[in-house]
Amino acid sequence: MSATSKMICPDCGVEMNHHADKLVYEGEHQETNAVDAELGGVLEEAHTCPACGKTLTRREDGEGEAL
């Protein structure tokens with residue numbers, strides 16, 4: 001698990017549960033400048049809100065997106 005801050009649900013404000021870290025390979029990721037050369041991709045965290053069920057991912061550098 002990364003050292004980034006807890007993710008808060010943008011819909012209901014509840015702290016989200018961290019479920020997994022996923023390596024997204026260079027060809028699958030749109031921002032090639034974010035790719036870690038040693039890993040060949042970008043590590044993303046997957047989070048789910050226990051209150052409303054919203055799922056979000058974010059790169060380990062903190063940038064997030066809704067799924």
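The values are calculated or read from the model by the stated rules, or taken from the named source; none is laboratory data. What you see is a predicted model; the values in this text were computed from it and never measured. To get the accessible areas, we keep the full protein, side chains included, count just its heavy atoms, and leave off ligands, DNA and RNA. Shrake-Rupley method; radii C 1.70, N 1.55, O 1.52, S 1.80 Å.
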Sorted by accessible area (1.4 Å probe), largest first, how do LEU39, LEU56, LEU23 line up?
LEU39, LEU23, LEU56
Residues whose modelled amide H sits under 5 Å from the amide H of ILE8, counting only those 5 or more places away in sequence or on another chain, are MET16
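For HIS18 and GLU60, compute 0.36 nm times the residue count separating them, minus their Cα-Cα distance, and round to one decimal in nm.
Extra length from HIS18 to GLU60 when fully extended: 13.9 nm.
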